[in-house]
Amino acid sequence: MWFKVEPRQEASQAVIYATPVLAVALTVASGYFLFLFLGLAPAKTLYHFLISPTLTFYGWSELCVKAGPLVLIASGLAIGFRANVWNIGAEGQLTLGAVGAGGIALAFWNETGLWILPLMCLAGIVGGMLYAAIPAFLKTRYEVSEILTSLMLTYVATLILGILVYGPWRDPLGFNFPQTRMFTDSALAPLILEGTRMHIGIVVTLAVAVGAWVVMARTVIGFQIKVVGLAPAAARFAGFSRNRTVWFSLLLSGGLAGLAGTFEVAGPIGQLVPHLTPGYGFTAIIVAFLGRLHPLGIIASGFLMAISYNGGEIAQVEDRLPQAATGVFQGMLLFYLLACDFLSRYRIRMAQREATSS
Amino acid sequence: MHDERRTPRLALHEISKRFQTVVANDGISFSVAPGQVHALLGENGAGKSTLVKIIYGVLQADEGQILWDGQPVAIDSPHRARAQGIGMVFQHFSLFEAMTVLENIALGLDNAPDLKALADRIVTVSQKYGLPLDPGREIHTLSVGERQRVEIVRCLLQNPKLLIMDEPTSVLTPQEVERLFVTLRQLSDEGCSILYISHKLQEIKDLCHHATVLRGGRVVGECDPAVETARGMAQLMIGAELKQLTRRAAVTSREPRLIVDTLELRSNQPFGIDLKCISFEVGVGEIFGIAGVAGNGQNELAQALAGEVTLRQPSAIRLDGKPIGHLGAEKRRMKGLCSVPEERTGHAAVPEMSLATNTLLTARNRMGLAAQGFIQIRDARNYAARIIRDFAVKAGGPNSNAATLSGGNLQKFIVGREVLQSPEVLVIAQPTWGVDAGAAAAIHEALFRLAQSGTAIVVISQDLDELLVVTDRLAVINMGTLSPAIDTAEASIEQIGLLMGGLHGMETEARLDHEDMSNVV
């Protein structure tokens, strides 16, 4: 017996947009059996996992808080992915962005003023960009795969943050806990709705998503990115530099990840701590692909991922679902999405080798 | 010799194949007798490739029947086709550069014997058919003609009863073509049928016993090429009166517009060719040809001229006296140098994008299709529509994807995209490669008109006939060096053929052939 992978004649546009829906359905179905296997009531757990987070207004506001950084990061990543620039290290760039913003917040701890938050945003963006510049330099100068370097630098970033919050930046009145002082009001992102945790960063995120759409659909740089990704030789012919595209993609996605980190520490967290996010930088990769690298699709898939975070917490409380279930769900979703994508372009045939050879 | 009264080796009955809305083959029937050299003629998009893929088992027909020696067969894979005795030599070779001839052949066989025995068989077969080949040589050291031999020998090892050859001579020197024909005639005499696909009518007249002409997916005629005139076959193929291509009057003014001055370039590719001391001048309104066998530095030269590779020495290329050697492709375009690369899909055009979007690749600045970094999509659509109209491109419209166009139509679109920009200099590589006669005539005419308006044109082509028709002067590139330019009117095919082989190259090849044989046997 012999398996053969053959390309299909043509994948239709409808199939391309149907695969995310199919992937979600398969994930839910697998989740059902997973919960059954864990000895839980599958229907009830799924309800808590997927429906409960969306039942209240506060629930939706919390989804916005979670979806915000995911969409912000994924918007940047998606642009790079179009150019075949695979930035897997958004988590690290987010961390360095948070360090930059936190540094400003702490440096001007005694000051007040409307200028502090914008300065923090700037520092966050620069922090993320500088950190993404390392893989960009290694890629353009030495052809080192940005997949490996950006990913590995993530772990370095966590350690850098650790040095700071365990060391020089530790709160002097914090009973030796590894965390910085709480930021002052001037260094916190203002809330856009009282009684929720929704902050100004969500507005910025929406603007960025729309901006990303305009860039990709209407500008020469968006065209350049698509050409570099689809046909590198045609890009060279058109006079588009691959190296410049690599730099642009990595700096943009790094900067946006850094901005997301800024809004996390200036928003829900309010200080620097050793672990800033539940893996937003990695989850954003799934968000980008699930949203078909399209800015509007990314907003939708960002909410779906936010549901998996918040629903996972609810199911932890209500059904004693292990915390790892959220990660398993997200992983399954990416797995099914890639599988569906692959099978929409190729088909697998069983062939008997002996039968066809002479 | 072939005998047409016997049971045909291969008979096709009402073969049809549809791709979504396009009917590629529509009730095609013809038969190939044992030992017959059968030409399959047709424009690009006539359905030749689809038909050949069906015969070789790459595609399956929707309707119709294939008879092999009178028996119906289902050829559902190339494996099955080879088991049946069908061999195919593709236009583009599939060889691994860094591996030896022997390893490549072993990889391509369904049931390879052990390497020692295989090497012996390769030598036997290659000697028998006059295709000298050393099993131990690595592919990247071989000329294109020798590589084709590898592909042919690979087929012959399977003792084929039908050999399909897809445009086999487009990469060969005239001398190599002669040698190939000797082999094919020998095969035919031994009873092997040959299905020969080509657009070079003279070759078909020289070689083939019978020709089937396809147009729009149907058989539109059959003829005996020995009797039918080349002109008659071309008209059958296009279905319209063929425009007589008249050579325009030679250019009198030689005021140099493009000067290439001792251009040196080291290749950045593992098996690339270094360009050595290349110098030539092209005058206002002159068409300058660069001939040569594929893989002698044409790609490298085309990229260096277009600016895809920039040079250290700015003055190595001068346009109207201004040095541009250091500039990239888009900056050179802004100075007036446009180009058409050889590869249509993925290089000259992005197949996944619409024709309108594809105009942005080269015309975004020169034709004002983008302003302040924003794409003016309406202007791009209008420009694409203008190209489609002026060059009679068969396409759904400016929003059609480039991938949906046939090779000839896409080439007309690409050439039109550059020509309508009225550049000062146009560098065009393989302008009519794999393009049907109608489209080729249209492209040549466009080049003539462009030259008349004062553009200096460089045509890099492997098609000698084409160069002899369109150019005023030409030079031959061999192993990265360029011969002195000769006036096309005074050039003879033999003279150019010898330059193409490179006198030095010919000698070594002959010597190696001899040595190889004595070494291995």
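Of all residues in region B:362-375, those satisfying the criterion of being surrounded by 21 or more Cβ atoms within 10 Å (Cβ to Cβ) and in contact (Cβ under 8 Å) with a residue 24 or more places away in the chain are B:362, B:363.
Can you spot a residue in region B:497-507 that is at pLDDT 85 or above, surrounded by fewer than 18 Cβ atoms within 10 Å (Cβ to Cβ) and not aromatic (Phe, Trp, Tyr)? No, region B:497-507 contains no residue that is at pLDDT 85 or above, surrounded by fewer than 18 Cβ atoms within 10 Å (Cβ to Cβ) and not aromatic (Phe, Trp, Tyr). Count of region A:214-228 residues, restricted to those that are within 15 Å of residue B:359 (Cβ to Cβ), at the interface with another protein chain (Cβ under 7 Å from one of its Cβ atoms) and surrounded by fewer than 22 Cβ atoms within 10 Å (Cβ to Cβ), is 1.
Here is a yes/no grid of residues against (1) within 27 Å of residue A:283 (Cα to Cα); (2) outside any helix (DSSP H, G or I); (3) in contact (Cβ under 8 Å) with a residue 60 or more places away in the chain; (4) hydroxyl-bearing (Ser, Thr, Tyr):
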position	(1), (2), (3), (4)
A:153	yes, no, yes, no
A:160	yes, no, yes, no
A:165	yes, no, yes, no
A:177	no, yes, no, no
A:186	no, no, yes, yes
A:193	yes, yes, yes, no
A:197	yes, yes, yes, no
A:204	yes, no, yes, no
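Of all the numbered requirements in (1) in contact with a strand residue (DSSP E or B) (Cβ under 8 Å, 6 or more places away or on another chain); (2) crowded, with 20+ Cβ neighbours inside 10 Å; (3) more than 8 Å from every other protein chain (Cβ to nearest Cβ); (4) under 17 Å from residue A:223 (Cβ atoms), residue B:380 misses one, and that requirement is (1).
Does residue A:265 fit the bill of being touching a residue at least 40 places away in the same chain (Cβ under 8 Å), surrounded by fewer than 19 Cβ atoms within 10 Å (Cβ to Cβ), touching a helix residue (DSSP H, G or I) at 6+ places or on another chain (Cβ under 8 Å) and not polar (S, T, N, Q)? Considered against the rule, which asks whether it is touching a residue at least 40 places away in the same chain (Cβ under 8 Å), surrounded by fewer than 19 Cβ atoms within 10 Å (Cβ to Cβ), touching a helix residue (DSSP H, G or I) at 6+ places or on another chain (Cβ under 8 Å) and not polar (S, T, N, Q), residue A:265 comes out as no. Residue pairs whose Cβ atoms lie under 7 Å apart, sitting 6 or more positions apart in sequence or on different chains, and linking a residue in region B:478-497 that is in contact (Cβ under 8 Å) with a residue 12 or more places away in the chain and not assigned by TED's automatic domain parsing to the domain that holds residue B:460 to a partner that is basic (Lys, Arg) and assigned to a loop (DSSP other than H, G, I, E, B), do not occur here.
Of B:187, B:163, all but one fail to be buried (at least 18 other Cβ atoms within 10 Å of the Cβ), over 16 Å from the mean Cα position of the chain (by Cα) and part of a helix (DSSP H, G or I); the exception is B:187.
The condition (being away from chain A (no Cβ under 14 Å) and at pLDDT 85 or above) is satisfied by just one residue among B:49, B:31: B:31. Exactly one residue among B:167, B:176 is on the phi > 0 side of the Ramachandran plot and among the acidic types (Asp, Glu), and that residue is B:167. When B:440, B:402 are screened for being crowded, with 18+ Cβ neighbours inside 10 Å and under 15 Å from the mean Cα position of the chain (by Cα), only B:440 passes.
Set side by side, the residues B:112, B:119 differ, and just one is surrounded by fewer than 16 Cβ atoms within 10 Å (Cβ to Cβ) and in contact with a helix residue (DSSP H, G or I) (Cβ under 7 Å, 6 or more places away or on another chain), which is B:112. Scanning region B:24-35 for residues that are crowded, with 23+ Cβ neighbours inside 10 Å and out of contact with any helix residue (DSSP H, G or I) (no Cβ under 7 Å at 6 or more places or on another chain) returns a single hit, B:32. Report whether or not residue B:143 is of a type in the set (Ser, Thr, Tyr), without any contact (Cβ under 8 Å) to a residue 60 or more places away in the chain and over 25 Å from residue B:51 (Cα atoms). So residue B:143 does not fit the description; no. Every condition in (1) assigned by TED's automatic domain parsing to the domain that holds residue B:342; (2) on the phi < 0 side of the Ramachandran plot; (3) surrounded by fewer than 21 Cβ atoms within 10 Å (Cβ to Cβ); (4) at pLDDT below 90 is met by residue B:449 except one, and the failing one is (4). Considering only residues of region B:459-480 that are within 18 Å of the chain's Cα centre (by Cα), among the β-branched types (Val, Ile, Thr) and buried (at least 20 other Cβ atoms within 10 Å of the Cβ), which is nearest to residue B:236 (Cα to Cα)? Result: B:470. Looking across region A:261-319, not a single residue is on the phi > 0 side of the Ramachandran plot and either hydroxyl-bearing (Ser, Thr, Tyr) or not in a loop (DSSP other than H, G, I, E, B) (or both). Is there a residue in region A:191-211 that is within 14 Å of another protein chain (Cβ to nearest Cβ), at negative phi, crowded, with 18+ Cβ neighbours inside 10 Å and not small (Gly, Ala, Ser)? No, region A:191-211 contains no residue that is within 14 Å of another protein chain (Cβ to nearest Cβ), at negative phi, crowded, with 18+ Cβ neighbours inside 10 Å and not small (Gly, Ala, Ser).
Considering B:115, B:67, B:95, the condition of being away from chain A (no Cβ under 14 Å) and within 25 Å of the chain's Cα centre (by Cα) is satisfied by B:95 alone. Where strands (runs of 3 or more DSSP E) fall wholly inside region B:16-112, the ranges with 3 or more residues that are aliphatic (A, V, I, L, M) are B:22-32, B:37-42, B:86-89. Here's a check for you: in region A:229-248, which residue that is at the interface with chain B (Cβ under 7 Å from one of its Cβ atoms) and surrounded by fewer than 22 Cβ atoms within 10 Å (Cβ to Cβ) is nearest to residue A:79 (Cα to Cα)? Out of the qualifying residues, it is A:230. Would a scan of region B:387-397 turn up a residue that is surrounded by fewer than 23 Cβ atoms within 10 Å (Cβ to Cβ) and within 13 Å of another protein chain (Cβ to nearest Cβ)? No, region B:387-397 has no match at all.
Quick check: is even one residue across region A:85-102 under 26 Å from the mean Cα position of the chain (by Cα), surrounded by fewer than 22 Cβ atoms within 10 Å (Cβ to Cβ) and modelled with pLDDT of 95 or more?
Scanning region A:85-102, I find at least one residue that is under 26 Å from the mean Cα position of the chain (by Cα), surrounded by fewer than 22 Cβ atoms within 10 Å (Cβ to Cβ) and modelled with pLDDT of 95 or more, so the answer is yes.
Close contacts from region B:63-80, counting a first residue that is assigned by TED's automatic domain parsing to the domain that holds residue B:33 and surrounded by fewer than 16 Cβ atoms within 10 Å (Cβ to Cβ) and a second that is among the basic types (Lys, Arg) and part of a loop (DSSP other than H, G, I, E, B), with Cβ to Cβ under 8 Å and a gap of 6+ residues or different chains, come to B:69/B:9. When A:285, A:307, A:299, A:314 are checked against the criterion of being modelled with pLDDT of 90 or more and over 26 Å from residue A:76 (Cβ atoms), a single residue qualifies: A:314.
The values are calculated or read from the model by the stated rules, or taken from the named source; none is laboratory data. Given the structure is predicted, the values throughout are model-derived calculations rather than measurements. Neighbour counts are summed over all protein chains in view; Cβ atoms, including those assigned to glycine, are modelled from backbone coordinates with ideal geometry.
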